[in-house]
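In what follows, a structure is listed as structure tokens, so that the remarks can point back to it.
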Amino acid sequence: MTLRAAPNFRAVWAIYRMEMARAFRTVLQSIISPVISTSLYFVVFGSAIGSRITEIDGIAYGAFIVPGLMMLSLLTQSISNASFAIYFPKFVGSIYELLSAPVSYLEIIIAYVGGAATKSIMLGLIILATAALFVPLRIEHPFWMIAFLVLTAVTFSLFGFIIGIWAKTFEQLQLVPLLIVTPLTFLGGSFYSIHMLPGIWKTITLFNPVVYLISGFRWSFYGKADVSVGVSLGMTLLFLAICIAIVAWIFRTGYRLRN
Amino acid sequence: MSSIISISGVTKTYATGFKALKEINLDIERGEIFALLGPNGAGKTTLISIVCGIVNRSSGTVTVDGHDIGRDYRAARSLIGLVPQELTIDAFETVWATVNYSRGLFGKASNAAFVEKVLRDLSLWDKKDSKAITLSGGMKRRLMIAKALSHEPRVLFLDEPTAGVDVELRQDMWAMVRRLREDGVTIILTTHYIEEAEAMADRVGVINKGEIILVEGKAELMRKLGRKQMKLELRAPLAAVPDGLSHYSLELSDDGSQLTYTYDNQSDRPGVASLIRDLEAAGIQFRDLDTKNSSLEEIFVSLLRQEP
Ligand SMILES: Nc1ncnc2c1ncn2[C@@H]1O[C@H](COP(=O)(O)OP(=O)(O)O)[C@@H](O)[C@H]1O
Ligand SMILES: [Mg+2]
């Protein structure tokens, strides 16, 4: 009885380590590409636009876009890491081993989502370090900054995991990030304050969940937000709860994992 | 309790509505080598996949060493190693990483000495730092076997282990299976070759169209299945089989020009030579003669005919 209820920590560790090893194998790519793209954002947005818009909410434009840039990468990378991690074994067939192993769905999720979230958090920190080379940064609420970083990484890794399980083809795997997440992120106030938008657009924007993430995250840096921090936190937790509910349903039904 | 796996009333209907298994009841005895013999599409992989937890059963129960595969899946699955039919491997991992990963996945503490032994036994040690993608097909299959053995299973499933495998690997594999059996591991293999079932198994279960047609000790089965036929083209048609030859199981074709003799090629005295002598003595001459083993298809047909 006790034996069979015992969680399989070794399996969680084995999966997590394998996922991290995958990232470190392509370590150059994993570090260099965010460094380059962040630098480009600073050149294009920071310099070109920054010469027109010197500051927003009393924050220098270059510094203003840093939290948004981090969120942009955090969201897209969490989703693509986690969705690919579970889609790939499904695609090549090696998932048979996972399904035949003495692991629970919960353990599988913790390992894969943990791996994907760790990778995107590391990426976020690399972007932060790169940004610090270009603009003076300050972080007023470091605890909340880390909290938003971790919560967002976990939530969107879960979301990616769900997409990876749902997807039957590579097209489907890329469809959701491409059609939904990227537009929502760009329209989520990464590069501007939503107060700068004309009336109706400001209202529409409030239906974009990414707005709350970026606003809350930016507040943890500069103490200024588009919407109140409590609402930001609430929306983030709500989205996390929705993802957990979907995953719980996948547990119960074995949806698209076991025939 | 002597059976290590007990399958009772298991059925499987896939989402497509296809009924792949109809009421399977089967007990595998502890420490035996069991061959599941059946043509392609019979449901062998489906049955194995259910026991291993890869496919959900539609109804029925399965226990592994007394552990229900649903309620008590951790205990059941940790006893099982599976080598699937297809070569499905993460191509970018090294042999060493992949095999150690499998061991961890099944909840076993890492044990480099044991993993090294498994790799050496399978002639994979030289390749331990190679990525799976660089291995030949045969080496990949060895790797799949190493993964299945990495967590010291008590039951090993081999799904079509010799399909597309060269002679050397086949021999290595049989040697390995015998060694494992000596260590008390129960082995279940699927095959659509009678010869393979004959070479390896203690008992054979014949499966066709999702049903187990019979389960038999190998010797008994080979007596049933190992029949040969000799066809004789006669120079002159016969009206009937002469009385002097009635103790042979002879069949005369309708036009009387062909005699078919069915015999057991496992027996010490198949009677071919004496039949030919007796035919000569009876003055019956033949133009040509042809012998053949009954094919798997014919065997299934005859088995199905025997079953009520
Ligand atoms: N996922 C699936 N969905 C629908 N039918 C399937 C699926 N997998 C297998 N089948 C069908 O079930 C039957 C048994 O397949 P399988 O167990 O692979 O047979 P075997 O291993 O004996 O060749 C086949 O007719 C096959 O087409
Ligand atoms: Mg098969």
Checklist outcome for this item: When every residue in segment B:237-273 that is within 16 Å of B:Gly283 (Cβ to Cβ) and loosely packed, with under 11 Cβ neighbours inside 10 Å is compared, the one modelled with the lowest pLDDT is B:Asp243
Checklist entry - Which ones in segment B:66-118 are basic (Lys, Arg) and either within 14 Å of A:Arg10 (Cβ to Cβ) or facing chain A (nearest Cβ under 7 Å) (or both)? => result B:Arg74, B:Arg77, B:Arg103, B:Lys108
Checklist entry - Can B:Thr61 be described as away from ligand 1 (no atom under 16 Å from the Cβ), over 16 Å from A:Trp13 (Cβ atoms) and touching a Lys or Arg at 6+ places or on another chain (Cβ under 6 Å)? => result no
Checklist entry - Identify, please: which residue in segment B:41-64 is more than 9 Å from every other protein chain (Cβ to nearest Cβ), surrounded by fewer than 19 Cβ atoms within 10 Å (Cβ to Cβ) and assigned to a loop (DSSP other than H, G, I, E, B) and is, among those, modelled with the lowest pLDDT? => result B:Gly41
Checklist entry - Out of all the residues in segment B:79-116, which are more than 16 Å from ligand 1 (Cβ to nearest atom), over 12 Å from B:Ser150 (Cβ atoms) and in contact (Cβ under 8 Å) with a residue 12 or more places away in the chain? => result B:Leu79, B:Ile80, B:Ile89, B:Asp90, B:Ala91, B:Phe92, B:Glu93, B:Thr94
Next on the checklist: I need the full set of residues from segment A:96-119 which are at the interface with another protein chain (Cβ under 8 Å from one of its Cβ atoms) and not small (Gly, Ala, Ser), in order please.
Outcome noted: A:Tyr96, A:Glu97, A:Leu98, A:Leu99, A:Pro102, A:Val103
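Kindly provide the set of residues from segment B:152-185 that are more than 16 Å from ligand 2 (Cβ to nearest atom), within 14 Å of chain A (Cβ to nearest Cβ) and in contact with a strand residue (DSSP E or B) (Cβ under 7 Å, 6 or more places away or on another chain), ordered by number.
B:Pro153, B:Arg154, B:Val155, B:Leu156, listed by residue number.
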Next on the checklist: Being hydrophobic (A, V, I, L, M, F, W, C) and either within 14 Å of chain B (Cβ to nearest Cβ) or under 16 Å from A:Leu257 (Cα atoms) (or both) is true for just one of A:Phe64, A:Phe9. Which residue is that?
Outcome noted: A:Phe9
Checklist entry - In segment B:168-244, which strands (runs of 3 or more DSSP E) lie fully inside it and hold 3 or more residues that are within 17 Å of the chain's Cα centre (by Cα)? => result B:186-191, B:203-208, B:211-217
Next on the checklist: If a residue must be within 20 Å of the chain's Cα centre (by Cα) and either without any contact (Cβ under 8 Å) to a residue 24 or more places away in the chain or near ligand 1 (Cβ under 8 Å from one of its atoms) (or both), how many such residues does segment B:1-20 contain?
Outcome noted: 1
Checklist entry - Can you name the condition, by its number, that B:Met144 falls short on among (1) among the aliphatic types (A, V, I, L, M); (2) within 16 Å of ligand 2 (Cβ to nearest atom); (3) part of a loop (DSSP other than H, G, I, E, B)? => result (3)
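The values are calculated or read from the model by the stated rules, or taken from the named source; none is laboratory data. Since the model is a prediction, treat every value here as computed from it, not as a measurement. All Cβ positions, even for glycine, are placed from backbone atoms using ideal geometry, and neighbour counts span all protein chains on display.
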